[in-house]
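Peer 1: Below is a structure I'd like to ask you about.
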Amino acid sequence: MILSSVVWHALLVSLAPAPAFSAAGSEPVTLTGRAVELAAALKPLGVAFDPEPVAKQVVVQGPDGAITPLISDEASRALFLDERLRDRPLEIQGRRFPGIPYVQVTSIRVDEQGQLRTPEYSCEICAISVRYPQTCPCCQGPMVLRMRPAER
């Protein structure tokens, strides 16, 4: 009888949802540096690592060498999918959550001819712009990387 109540308690605890992180507990951050794959950031440091688990992780390496991992989602997906946006100066606006080392990106601006610009992917036929590389959601045609000028 006692054993079964312990088992039920353990089962209920294991099924309980993980603590949720809300935007209310986050703080805004601005990161500057370069977006690079984690493996490229670790290699010159002489850190031993298994390449496969970190193969696609993108981080921001700051001017001081500090490495900040990014949460992969719709706002940051272009950095994960399009290597043309990596290894060049950038500025990221995002949110940092307590207890999580990752930053959630809200906007990206990369250096293009000496100016920070927002990358977007456009369909020349449908006049649709999206945040990350993909086929056009309307005509299924290719989308072209363009750099939107900074808002004034």
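Peer 1: Taking θ = phi - 60°, what integer Hz values does the Karplus form 6.51 cos²θ - 1.76 cosθ + 1.60 yield along region 95-107, in sequence order, with x for Gly and Pro?
Peer 2: These are the phi-based 3J(HN,Hα) values: 10, 10, 9, x, x, 10, x, 7, 10, 8, 6, 10, 8 Hz.
Peer 1: Neighbouring Cβ atoms within 10 Å as the yardstick, rank D64, D111 fewest first.
Peer 2: Details: D64 6, D111 14.
Ranked by crowding around the Cβ, least crowded first: D64, D111.
Peer 1: In whole Hz and in residue order, list the ³J(HN,Hα) couplings for region 38-50 that follow from phi through the Karplus curve 6.51 cos²θ - 1.76 cosθ + 1.60, θ = phi - 60°; x for Gly and Pro.
Peer 2: Once θ is set to phi - 60°, the couplings for region 38-50 become 4, 4, 5, 6, 7, 3, x, 7, x, 7, 7, 7, 7 Hz.
Each reported figure results from applying straightforward, stated rules to the coordinates on display, with no laboratory input. Because the structure is a prediction, the values reported are computed rather than measured. Using ideal geometry, Cβ is built from the backbone for each residue, glycine included, and neighbour counts are taken over all protein chains shown.
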